[in-house]
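**Q** This is the structure, below, for whatever I ask next.
The values are calculated or read from the model by the stated rules, or taken from the named source; none is laboratory data. Note that this is a predicted model, so its numbers are computed, not measured. Heads up, the Cβs are rebuilt from the backbone with ideal geometry, glycines too, and the neighbour counts pull from every protein chain shown.
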Amino acid sequence: MSFRAGRVAKEGVHRRYHRFMPIRTVDRVLDLDPNELIASGKNLILLDADNTLLPWRTEEIAEEVTIWLDKARAAGLKLCLISNTRNKARLERLSKAMDIPFAVGKFKPSREMYDHALEKFQMKPEQAVMIGDQIFTDVLGANRSGIDAILVRQMHKNEFIGTRLVSRLGEKLIWRKLREAMEEELDDLPIVEPTGFFHRRIVRQFAKFCIVGLTSFAVDYNIRMTLQFQAQSGGELLSEKGGRWLVQHVPFMSGMTPADAFFPVAAAAGAAFAIVNSFIWNRLWTFRIRTREEAGAQFGRFVVVSVGGLVLNVLISASVNHLVQGDPKVSARIATLVATAFVAIWNFTGQRLYAFRPSK
Ligand SMILES: [Mg+2]
């Protein structure tokens with residue numbers, strides 16, 4: 001299974017998946033810092049046993065686990081086992097060996113054991129955190145009780161056959177959502193990503209950004225051309241009719257042909273639609289922002305970046321155009337290419353670090 005450790009931002013996925021979402025995932029319980037848990041307002045750790053603290057069906061508690069449990073206690077955390085084991089005698093032995101009480105009640109994901117533990121320790125749900133290796137029992141039960149969950153990588157491959165065949169299959173589907181919710185925060189985490197050039201996130205984002213750029217060009221071009229050469233109004237071309245009005249009413253256009261006067265309007269309309277097209281696709285697809293919040297502020301910043309790109313485009317085009325002497329057509333082509341490349345980098349960087357910057 002494609003387990004990945006990291007923090008999870010629930011808001012990154014649809015509400016219907018929230019109850020399956022842990023607040024973070026870790027490779028081993030030992031990776032969690034008890035002091036950090038305390039600092040985040042947690043006072044009670046609810047612990048799954050099988051494949052979280054020890055291999056399924058065994059009673060082999062590793063020394064490092066014992067040390068970690070002691071560290072947690074020393075930090076001031078209360079501990080309680082929440083296990084679905086059918087072997088009550090074994091649970092009692094484990095409880096005794098680790099010196100951790102266990103909650104009783106219906107099996108997870110029922111709320112019973114969670115509620116029992118909260119009552120036993122006189123804690124509110126937000127003071128507790130559940131640590132377990134299964135989404136459909138540990139995480140789901142915790143979320144139903146209003147308790148945050150931390151998903152730990154299954155310690156050992158051995159487990160109950162029903163778990164292996166049914167739950168783990170379902171977990172694969174949830175993991176697709178989980179990864180979406182994790183994506184936004186990857187930059188802050190010491191996670192080793194695949195090292196190949198095309199696996200790097202920024203490279204994938206830039207490739208998507210370029211594809212979006214092409215679609216925006218198509219949108220711009222088609223709207224511009226349609227308005228200028230096809231759109232009709234009252235039996236004549238819109239560009240003729242609108243252009244005539246402009247020539248009559250806008251002082252500096254008085255000497256122009258109607259078509260020339262109308263062209264900036266068609267170009268502006270095309271550019272406006274292209275900006276909206278780029279904003280929508282880069283937001284949802286390139287930078288994968290799934291929350292509705294902040295869309296307005298992001299659009300404002302996006303327009304600022306785009307206008308900056310436009311100014312840069314004009315400046316670079318104008319200066320490079322003068323650098324290349326000789327054939328004016330070649331010169332214009334080179335100027336356009338250089339400007340497009342620079343503006344693409346400007347827009348990409350601006351969108352990544354400014355317009356769609358992570359909120360907080
Ligand atoms: Mg387990």
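**Q** Of all residues being at pLDDT 90 or above and in contact with a Phe, Trp or Tyr (Cβ under 8 Å, 6 or more places away or on another chain) in the range 1-26, which is farthest from Ser145 (Cα to Cα)? Just the residue, please.
**A** Thr25
**Q** Taking the options Leu165, Leu173, name whichever one is assigned to a helix (DSSP H, G or I), closer than 25 Å to His18 by Cβ and away from the ligand (no atom under 13 Å from the Cβ).
**A** Going through Leu165, Leu173 in turn, just one is assigned to a helix (DSSP H, G or I), closer than 25 Å to His18 by Cβ and away from the ligand (no atom under 13 Å from the Cβ): Leu173.
**Q** Here are some conditions: (1) within 23 Å of Arg204 (Cβ to Cβ); (2) in contact (Cβ under 8 Å) with a residue 40 or more places away in the chain. Leu284 meets all but one. Which one does it not meet?
**A** (2) is the only condition that Leu284 fails.
**Q** Now a separate question. Tell me, which residue of the range 178-214 that is of a type in the set (Lys, Arg) and out of contact with any helix residue (DSSP H, G or I) (no Cβ under 9 Å at 6 or more places or on another chain) is modelled with the highest pLDDT?
**A** Arg179
**Q** Identify all residues within the range 230-243 that are within 23 Å of Ala272 (Cα to Cα) and touching a helix residue (DSSP H, G or I) at 6+ places or on another chain (Cβ under 7 Å); write none if there are none.
**A** Ala231, Gln232, Ser233, Leu238, Ser239, Glu240, Gly242, Gly243
**Q** Name the residues in the range 228-259 that are hydrophobic (A, V, I, L, M, F, W, C) and touching a strand residue (DSSP E or B) at 6+ places or on another chain (Cβ under 9 Å), would you?
**A** Phe229, Ala231, Leu238, Ala259
**Q** Could you tell me how many of the residues in the range 149-162 are over 15 Å from Leu53 (Cβ atoms) and either surrounded by fewer than 21 Cβ atoms within 10 Å (Cβ to Cβ) or aromatic (Phe, Trp, Tyr) (or both)?
**A** Summing the residues that are over 15 Å from Leu53 (Cβ atoms) and either surrounded by fewer than 21 Cβ atoms within 10 Å (Cβ to Cβ) or aromatic (Phe, Trp, Tyr) (or both) in the range 149-162 gives 4.
**Q** What tally of residues in the range 166-180 results from selecting those that are in contact (Cβ under 8 Å) with a residue 40 or more places away in the chain and either basic (Lys, Arg) or over 17 Å from Arg153 (Cβ atoms) (or both)?
**A** Summing the residues that are in contact (Cβ under 8 Å) with a residue 40 or more places away in the chain and either basic (Lys, Arg) or over 17 Å from Arg153 (Cβ atoms) (or both) in the range 166-180 gives 5.
**Q** Here is a follow-up. Does Asn43 fit the bill of being in contact with a Lys or Arg (Cβ under 9 Å, 6 or more places away or on another chain), surrounded by fewer than 20 Cβ atoms within 10 Å (Cβ to Cβ) and closer than 25 Å to Val8 by Cα?
**A** Considered against the rule, which asks whether it is in contact with a Lys or Arg (Cβ under 9 Å, 6 or more places away or on another chain), surrounded by fewer than 20 Cβ atoms within 10 Å (Cβ to Cβ) and closer than 25 Å to Val8 by Cα, Asn43 comes out as yes.
**Q** Continuing with the same structure: How do the helices (runs of 4 or more DSSP H) wholly within the range 30-135 filter down when requiring 1 or more residues that are touching a residue at least 40 places away in the same chain (Cβ under 8 Å) and more than 16 Å from the ligand (Cβ to nearest atom): which remain?
**A** Hits in the range 30-135: 34-39, 63-75, 112-121.
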